[in-house]
Amino acid sequence: MLELTFNQPLGGNTMPRFGGPATMMRLPSQDTASGLDACFVGIPIDIGASNRPGTRFGPRQIRAESAMIRPYNMATRAAPFDKLQVADVGDIPINTYNLEASLEIITNAYIDILAHDCIPLTLGGDHTLTLPVLRAMARKHGPVALIHVDAHSDTNEHMFGEKIAHGTPFRRAFEDGLLQNDKVFQIGLRGTGYSPDDFDWGRSKGWTVMQAEECWGKSMSPVMDDIRRRIGDHPVYLSFDIDSLDPAFAPGTGTVEIGGLTIWQAMEIIRGTRGLNLVGGDLVEVSPQYDPSGNTALIAANLLFEMLCALPGV
């Protein structure tokens, strides 16, 4: 009987970090999710963005900045590449001129990934992408619980008359019956708005909304303890917008708001999902050109690794 061997990131002592494959964590790449327990997948899209464009370049930059990540998590003791078969399955070939067509392309691609019982972790791309991913998730798992970390609620009725944009995905997800509404949590919302309904709409649907001001100066670990208890073993999707972080940490995004979460709070949130039935996750809204240092994409890459470390079976 052959012993199963797991893919490993290319080590820095084998190939210098500035060389090697341009994949997430310099993992092997493959065309499909066949045989994988989890995969990294990019969606290079920004045609749903309303302010500064550039998230189409997010997946490529996140992969580049992931080269420094080592396979063992020193804090949580997670060793995902000893337990899961993981690869980078590349980017979804969206239609850069047609948002509606792109949504269908994304949904069909994720239906295929999920058919292999593979858990996708997505490199974004603007937040519009979460809607078609959730459509695929609901086809496999039914309505999912949601942990949504963001500066914005993304529950607009429309943007410039359009029903689909990066500010509308979670209202559309509600309307499509994709969410388990008593298990939806929005964390980090903040900034100015047009009316209280900007944040209260979700509350009116039974969602739990925790604004950034409630997080200032606090550990997020007790919050996540409560969220784990309330979600239980229900399938849950994690959607993390990089603009949830204060721009002091992550300026490379399109719709910046002051007064955001810290990096360590972000890590507490993601690490706090360990033990949940995570069926997928995304890290969205990285616009590399607004952060020449590369730190925003570097943070994004590390948070995606933290998501991998939190998956079931790790």
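The values are calculated or read from the model by the stated rules, or taken from the named source; none is laboratory data. Remember, predicted model here, so these are calculated numbers, not experimental data. All Cβ positions, even for glycine, are placed from backbone atoms using ideal geometry, and neighbour counts span all protein chains on display. The protein model used for the area step is the full one, side chains on, heavy atoms only, and it has no ligands, DNA or RNA in it. Shrake-Rupley method; radii C 1.70, N 1.55, O 1.52, S 1.80 Å.
Below is a table of values for the structure above.
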read-out	value
Near-label residues of segment 283-297 by backbone N, under 12 Å of a point 7 Å along Cα→Cβ of residue 263	294-297
Distance between modelled label sites at residue 70 and residue 6, nm, 7 Å Cα→Cβ extension	1.7
Where GluC sites (Glu not before Pro) in DSSP loops with at most 16 other Cβ within 10 Å are excluded, longest remaining stretch of the chain	158-314
Cα-based Kirkwood hydrodynamic radius, segment 172-280, one decimal, Å	14.8
Neighbour net charge for residue 79 - beta-carbon separation under 14 angstrom, K R +1, D E -1	+1
Phi-based couplings in Hz for segment 151-168 (Karplus 6.51, -1.76, 1.60; Gly and Pro marked x)	7, 10, 6, 6, 10, 4, 5, 7, 10, 6, x, 9, 7, 10, 6, 6, x, 10
Helical contribution to [θ] at 222 nm, DSSP H n ≥ 4, -39,500 (n - 2.57), averaged over the chain, rounded to 500	-8500 deg cm²/dmol
Neighbourhood charge, 9 Å Cβ-Cβ cut-off, centred on residue 23 and excluding it, Lys, Arg +1 and Asp, Glu -1	+1
Interchain or long-range residues, amide H under 5 Å from residue 184's placed H	146, 208
Segment 69-142: chymotrypsin sites (Phe, Trp or Tyr not before Pro) in DSSP loop, at most 14 other beta carbons within 10 Å	72, 97
Entries in 163/205; 140/205; 140/218; 163/218 that, when Cα-Cα distance is taken, lie over 28 Å	140/218; 163/218
Under 5 Å, built H, 5+ apart or other chain: amide partners of residue 119	38, 39
Charge sum, other residues only, whose C-beta stays under 13 Å from residue 130's C-beta, Lys/Arg counted +1 and Asp/Glu -1	-4
Efficiency of FRET from Cβ geometry, residue 175 and residue 22, R₀ 41 Å, rounded to 0.05	0.60
Accessible surface of segment 65-146 [probe 1.4 Å, protein heavy atoms]: carbon and sulfur percent	51
Rounded to the nearest 20 debye, dipole of the chain from Cβ charges on Lys, Arg, Asp, Glu	660
Phi-based couplings in Hz for segment 9-23 (Karplus 6.51, -1.76, 1.60; Gly and Pro marked x)	x, 5, x, x, 8, 8, 9, x, 4, 8, x, x, x, 8, 9
Assigned charges on the beta-carbon of Lys, Arg, Asp, Glu; segment 76-211 dipole about Cα centre (debye)	440
Euclidean distance between Cα centres, segment 84-160 to segment 1-66, Å	16
Gained length - residue 50 relative to residue 82, 0.36 nm times residue gap less alpha-carbon distance	7.4 nm
Dipole axis of the chain (+1 Lys, Arg; -1 Asp, Glu on Cβ), positive-most option in 38, 189, 124	38
Calculated FRET value between residue 31 and residue 159, using beta carbons and R₀ = 41 Å, to 0.05	0.75
Sparse-neighbourhood loop sites, chymotrypsin sites (Phe, Trp or Tyr not before Pro) in segment 162-198 - DSSP loop, at most 16 other Cβ within 10 angstrom	194
